[in-house]
1. Looking only at region 22-62, which residues are among the acidic types (D, E) and surrounded by fewer than 11 Cβ atoms within 10 Å (Cβ to Cβ)?
2. Taking the residues in region 5-17 that are small (G, A, S) and under 13 Å from the mean Cα position of the chain (by Cα) as candidates, determine which candidate is surrounded by the fewest Cβ atoms within 10 Å (Cβ to Cβ).
3. Could you list, in sequence order, all residues of region 81-106 that are of a type in the set (A, V, I, L, M, F, W, C), over 11 Å from the mean Cα position of the chain (by Cα) and open to solvent by 10 Å² or more (accessible area, probe 1.4 Å)?
4. Determine if region 58-71 includes at least one residue that is modelled with pLDDT under 90 and over 21 Å from F32 (Cα atoms).
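The values are calculated or read from the model by the stated rules, or taken from the named source; none is laboratory data. As the structure is a computational prediction, the values presented were derived from the model and not from experiment. Here the Cβ positions follow ideal geometry from the backbone for every residue, glycine too, while neighbour counts run over all protein chains shown. Just the protein is used for accessible areas: all its heavy atoms, side chains included, with ligands, DNA and RNA removed. Shrake-Rupley method; radii C 1.70, N 1.55, O 1.52, S 1.80 Å.
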Amino acid sequence: MDRVSRTLRAADMSGRASAFASRTAARTRLPFDFSAASLRLVDRVVNGLRQGAGDPAGVAPVLQELGAYVGEVFVRQAGARWVDFDDMTSELFRQPVGVRTSDGRAWNPLGKVVNRFELGPGESVHELFLLVPRLPKSLPLSRGTAGGLRLPAA
């Protein structure tokens, strides 16, 4: 995990995502509106970064902002919430934060954006969102899984 990602905290992620969306929409007029459809735009932006990037470390801050945006879409559209991962989960996902859905599963939107950058179109953030259950936000969070791994509730 790089130095920048260790400073990420769940409590800061919604604000980061909102600031990124506002700044980017004002500069580029791209519709970062926290809709599920906007995740297709994230996939395209990451594709553009892949084509233009010489050094992956140079785009790491942008990938983190895009990951924060993706996670915030999960929060707003699927009733997820931001969580700080425990040491085991953080090591597994190679990220210190993620989101947990109402069914208790942990999701790694920041890592998915990095995977899209490193591995290409097979790692679609839009397609990941389609896997996320849309349960009412009012249901209590419980124990769940992430890719078959049982994770304690945060």
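1. Initially, region 22-62 is screened for residues among the acidic types (D, E), giving 33, 43, 55.
Result: D55, single match.
2. Restricting attention to region 5-17, the residues satisfying the condition of being small (G, A, S) are 5, 10-11, 14-15, 17.
Next, from what is left, pick out any that are under 13 Å from the mean Cα position of the chain (by Cα): 5, 10, 14, 17.
Values: S5: 20, A10: 18, S14: 16, A17: 25.
Step by step, filter region 5-17, then rank; the result is S14.
3. F85, M88, L92, F93
4. Step one: of region 58-71, the residues modelled with pLDDT under 90 are 58.
This time we only want the ones that are over 21 Å from F32 (Cα atoms), so: 58.
So far as region 58-71 goes, yes, one or more of its residues are modelled with pLDDT under 90 and over 21 Å from F32 (Cα atoms).
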